[in-house]
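Okay, so here's the structure we're looking at.
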Amino acid sequence: MAVNVPTPEEILQLDEGEADALLDLLERTVPVHPPFVSIPTAALREAIVFGDTHGDWRSTLEVERRFLAGGIPRLLVGLGDYVDRAPPDCAQGSVANALHLLSLAAQAPNQVYLIQGNHETTRRIPTDPHDLPEEVDALWGPDSTRCTRIEALLERGPLAAVLPEKIYLAHAGFPFVGSSDEWAHAFDEVSDDRLTEIVWGQCDASRYRRASVPTWGGRDLERLFRASGIRIFLRGHDPDVAGLPLYDGHCITLHTTRVFQRFGGVIIGRFPLGRTIESTRDVLLEHLPTEGQTFEVLE
């Protein structure tokens, strides 16, 4: 089924019936992924990975332009946290950002993967802030079912993914495993503890500390690499280390929102497909033109 991708501006202008029709369409077309996916890349030439966007749909549009540029077959992977904390010039930005990205995933299901972050798994482990319900009400009136439907659509994304280029992608962390057998079954049953490792895990290089959340470091990452054969970890979550090559160049954090641009900017990662990526030096960091910009608020 062909899916038209509405712009964020168009989404913000939908009335209640049109919003329900869009949700109906997305529920029929957005792919449902298992917790862990191995993404095939043989037919694709380049990968674009973006970090937390947090309702900053203006930066998301810049990501999309690069994904579509020149008709080149590309892979687009989001690292989670598409909602909550929208910039002031992106009113109801969580709704617009989420529905725009979900429409893109429905249109190109073999090229667009929206990994879940802690703000997409809030129905299992609550997060604060969670602005999405209030945004939905502001747009279309008090009806909790619409928010629930958007949250359920976002939960169709995987919790983590791996590429043949030996790259692991997740929002925050990884299962704490020590053997290849443990790795092979790490996502079979995702308990709340395992979910916390993946979408809340904080790296010890970050100054951010969240209560009751596991912290991982270089030795944990080495154990993961030995068990899985992975060489690189691309993640979001901790804004203060955005753009910094960590752990001897085997991990990098991406943030793609102006909300946290004071740390590492508004950045994405790009790299060629078809060969092993040996270190984060092989990942081109690109700063988006929204960085440092403010825009007129839509009425």
Q: Hey, can you tell me all the residues within segment 270-299 that are within 23 Å of residue 86 (Cβ to Cβ) and either among the hydrophobic types (A, V, I, L, M, F, W, C) or at pLDDT 95 or above (or both)?
A: 286, 287, 288, 289, 290, 291, 292, 293, 294, 295, 297, 298
Q) Can you pull out the residues in segment 9-62 that are farther than 30 Å from residue 189 by Cα and assigned to a strand (DSSP E or B)? A) 46
(Q) Can you list residue pairs whose Cβ atoms sit under 6 Å apart, with the first residue in segment 59-75 being crowded, with 16+ Cβ neighbours inside 10 Å and the second being part of a helix (DSSP H, G or I) and not aromatic (Phe, Trp, Tyr)? Count only pairs 6 or more apart in sequence or on different chains. (A) 60/97
Q.
Anything in segment 210-224 that is more than 22 Å from the chain's Cα centre (by Cα) and either of a type in the set (A, V, I, L, M, F, W, C) or assigned to a helix (DSSP H, G or I) (or both)? List them, or say none.
A. 211, 218, 219, 220, 222, 223
Q: Those residues that are under 21 Å from residue 121 (Cβ atoms) and basic (Lys, Arg), I need them from segment 231-252; list them, please.
A: 235
Q. Which of (1) surrounded by 16 or more Cβ atoms within 10 Å (Cβ to Cβ); (2) under 19 Å from residue 159 (Cα atoms); (3) hydrophobic (A, V, I, L, M, F, W, C) does residue 32 not meet, given it meets every other one?
A. (1)
Q: Could you tell me whether any residue of segment 255-268 is over 24 Å from residue 42 (Cβ atoms), part of a helix (DSSP H, G or I) and out of contact with any Asp or Glu (no Cβ under 9 Å at 6 or more places or on another chain)?
A: yes
(Q) Take the residues in segment 173-219 that are of a type in the set (Ser, Thr, Tyr) and more than 18 Å from residue 230 (Cβ to Cβ); name whichever of them is surrounded by the fewest Cβ atoms within 10 Å (Cβ to Cβ). (A) 212
Q: Return the residue satisfying two criteria in turn: it lies in segment 76-108 and is among the hydroxyl-bearing types (Ser, Thr, Tyr) and out of contact with any strand residue (DSSP E or B) (no Cβ under 8 Å at 6 or more places or on another chain), and of such residues it is surrounded by the most Cβ atoms within 10 Å (Cβ to Cβ).
A: 94
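The values are calculated or read from the model by the stated rules, or taken from the named source; none is laboratory data. Computed from a predicted structure; not experimentally measured. With ideal geometry, Cβ positions are generated from the backbone for all residues, glycine too; neighbour counts draw on all protein chains shown.
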